[in-house]
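J.: Have a look at this one.
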Amino acid sequence: MSKGETRESRAARLLIGGPPLLFLLVFFVGPSLIMILTSFRFPGEFGGLAPLAAPAGNLDSEHGFTPEAYQFFFSDLLYAEIFLKSFGVAAATTSICLVMAYPLAVLIARSEQRFRNLLVLLVVLPFASNFLIRIYAWMIILGPESALSHFVNGILGVFGVGPVTLLFSPFAVLVGMVYVHLPFMVLPLYTNLEKHDPSLLNAAQDLGANSWQRFWRITWPLSLPGVFSGSALVFIPVLGMFAVPDILGGTGDILIGNLIKDQFLGTRDWPFGSALSIMLTLAVLSVAALATWLARPATGQRA
């Protein structure tokens, strides 16, 4: 390869890889470094951060760096419980979205081309309206005087179970999370399923495989990359979500996203909020690494 070709190849790599690298540096590495530094600072007297150097004439004031926020985090099991609860809600939301999205994605992928685009449009249509308006609409649907509440309590009354409150409960949070994140599971699954070669299913049918065997031995393994992509797109945003628990869960259903938001906007303890954010980021990266490691055998079989 000549020097001119080498120079052109480097320029092409720089043009292709430069913008994503710059994006990661500006929007991930930079904010992460700010969060790390903030987590080792003292909180300010009236919110914000204490100064790095002691003010003149007040050497006893808190200043500089300290691991106090992390010591406080590991000293109370309450925060571990909130983390586990958040992971539980994220896992439940991801599982429900997968169960609901998979048949819908199969339906879209196997429908005629003229209906396929319309069905995809219907999946993404909720994004055309404001996120908060859609969540507040669920307050009406799940409210104590709603038709759904009367219907559910009527059925429970038949079995002698007392009336229940749907709104401001873990159930309402789960419904809101599933509603918001369902399209993020449908779209990767549909993108994967529409690429499947139908001749594989026809060949399996000719060899005597029934519907379940064709699905479990062919469709499901081939769709695993879509399942993993959709699960990541649902699981990770749910972990940091605070608007849905705030609006539909009330004050008694705190997740890690709500706790971080309260540290910045309520108690104004920025170092502890940053420490919680760092711990959440580490937890998410650990889960992503574990999922990647678990997905390797499946994708290897596919290759």
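J.: Could you grab me the full set of residues in the range 210-241 that are assigned to a loop (DSSP other than H, G, I, E, B) and either within 16 Å of L285 (Cβ to Cβ) or of a type in the set (S, T, N, Q) (or both)?
T.: Once the filter is applied, which keeps residues that are assigned to a loop (DSSP other than H, G, I, E, B) and either within 16 Å of L285 (Cβ to Cβ) or of a type in the set (S, T, N, Q) (or both), the range 210-241 yields only N210.
J.: Would you say F65 is open to solvent by 80 Å² or more (accessible area, probe 1.4 Å), under 27 Å from the mean Cα position of the chain (by Cα), modelled with pLDDT under 90 and on the phi < 0 side of the Ramachandran plot?
T.: Considered against the rule, which asks whether it is open to solvent by 80 Å² or more (accessible area, probe 1.4 Å), under 27 Å from the mean Cα position of the chain (by Cα), modelled with pLDDT under 90 and on the phi < 0 side of the Ramachandran plot, F65 comes out as no.
J.: Please work out which one of (1) more than 19 Å from F87 (Cβ to Cβ); (2) open to solvent by 60 Å² or more (accessible area, probe 1.4 Å); (3) touching a residue at least 12 places away in the same chain (Cβ under 8 Å) is the condition F228 fails and give its number.
T.: (1)
J.: Of the residues that sit in the range 145-164 and are outside any helix (DSSP H, G or I) and open to solvent by less than 100 Å² (accessible area, probe 1.4 Å), which one is farthest from A243 (Cα to Cα)?
T.: Result: G160.
J.: I would also like to ask the following. Within the range 113-121, can one find any residue that is of a type in the set (K, R), more than 24 Å from F242 (Cβ to Cβ) and not in a loop (DSSP other than H, G, I, E, B)? Spell out how you get there, then give the answer.
T.: To start, the set of residues in the range 113-121 that are of a type in the set (K, R) comprises 114, 116.
From the residues that got through so far, the ones that are more than 24 Å from F242 (Cβ to Cβ) too are 114, 116.
Retained after the next criterion (residues that are not in a loop (DSSP other than H, G, I, E, B)): 114, 116.
Yes; the residues of the range 113-121 include at least one that is of a type in the set (K, R), more than 24 Å from F242 (Cβ to Cβ) and not in a loop (DSSP other than H, G, I, E, B).
J.: If the Cβ limit is 7 Å and pairs must be 6+ apart or interchain, which residue in the range 267-291 that is within 13 Å of F235 (Cβ to Cβ) pairs with which residue that is assigned to a helix (DSSP H, G or I) and open to solvent by 60 Å² or more (accessible area, probe 1.4 Å)?
T.: Partner pairs satisfying both residue conditions: V284/I236; A291/F228.
Results for (1) at pLDDT below 90; (2) within 15 Å of P271 (Cβ to Cβ); (3) assigned to a helix (DSSP H, G or I); (4) touching a strand residue (DSSP E or B) at 6+ places or on another chain (Cβ under 8 Å), shown as yes or no for each residue.
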| position | (1), (2), (3), (4) |
| --- | --- |
| L25 | no, no, yes, no |
| T38 | no, yes, yes, yes |
| A56 | yes, no, no, no |
| D60 | yes, no, no, no |
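J.: If you don't mind, there's one more thing I want to ask. Do any residues in the range 159-172 that are in contact (Cβ under 8 Å) with a residue 40 or more places away in the chain have Cβ atoms under 7 Å from those of residues that are surrounded by 12 or more Cβ atoms within 10 Å (Cβ to Cβ) and of a type in the set (D, E, K, R), where the two are at least six apart or on different chains, and which pairs are they?
T.: Final answer for the pair search is P170/D253.
Conditions tested, residue by residue: (1) buried (at least 19 other Cβ atoms within 10 Å of the Cβ); (2) within 18 Å of F72 (Cα to Cα); (3) touching a Leu at 6+ places or on another chain (Cβ under 7 Å); (4) modelled with pLDDT of 80 or more.
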residue	(1), (2), (3), (4)
L239	yes, no, yes, yes
G249	yes, no, no, yes
G252	no, no, no, no
Q263	yes, yes, yes, yes
F272	yes, yes, no, yes
V284	no, no, yes, yes
L290	no, no, no, yes
Q301	no, no, no, no
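J.: Looking at (1) modelled with pLDDT of 90 or more; (2) open to solvent by 40 Å² or more (accessible area, probe 1.4 Å), which one does T94 not meet, given that it meets all the others?
T.: For T94, the exception is condition (2).
J.: Quickly run through the range 17-53 and pick out the residues that are of a type in the set (V, I, T), open to solvent by 60 Å² or more (accessible area, probe 1.4 Å) and farther than 22 Å from D262 by Cα.
T.: V26, the sole residue that qualifies.
J.: Something else about it: Among the residues that make up the range 91-98, is at least one of them of a type in the set (A, V, I, L, M, F, W, C) and more than 29 Å from F215 (Cβ to Cβ)?
T.: no
J.: Does at least one position in the range 130-144 carry a residue that is aliphatic (A, V, I, L, M), within 25 Å of T94 (Cα to Cα), part of a loop (DSSP other than H, G, I, E, B) and open to solvent by less than 30 Å² (accessible area, probe 1.4 Å)? Lay out the reasoning, then the answer.
T.: Restricting attention to the range 130-144, the residues satisfying the condition of being aliphatic (A, V, I, L, M) are 132-133, 135, 137, 139-142.
Restricting the remaining residues to those that are within 25 Å of T94 (Cα to Cα) gives 132-133, 135, 137, 139-142.
Add one more test, that the residue is part of a loop (DSSP other than H, G, I, E, B), and what stays is 142.
Within this subset, residues satisfying the condition of being open to solvent by less than 30 Å² (accessible area, probe 1.4 Å) are 142.
The answer is yes; a qualifying residue exists.
J.: Of everything in the range 192-207 that's open to solvent by 60 Å² or more (accessible area, probe 1.4 Å) and either in contact with a helix residue (DSSP H, G or I) (Cβ under 9 Å, 6 or more places away or on another chain) or not in a helix (DSSP H, G or I) (or both), which residue is nearest to E112 (Cα to Cα)?
T.: Out of the qualifying residues, it is E194.
The values are calculated or read from the model by the stated rules, or taken from the named source; none is laboratory data. Everything quoted here is computed from the prediction, not taken from an experiment. No Cβ is skipped: glycine too gets one built from the backbone with ideal geometry, and neighbour counts run over all protein chains shown. Ligands, DNA and RNA are excluded from the accessible area calculation, which covers all protein heavy atoms including side chains. Shrake-Rupley method; radii C 1.70, N 1.55, O 1.52, S 1.80 Å.
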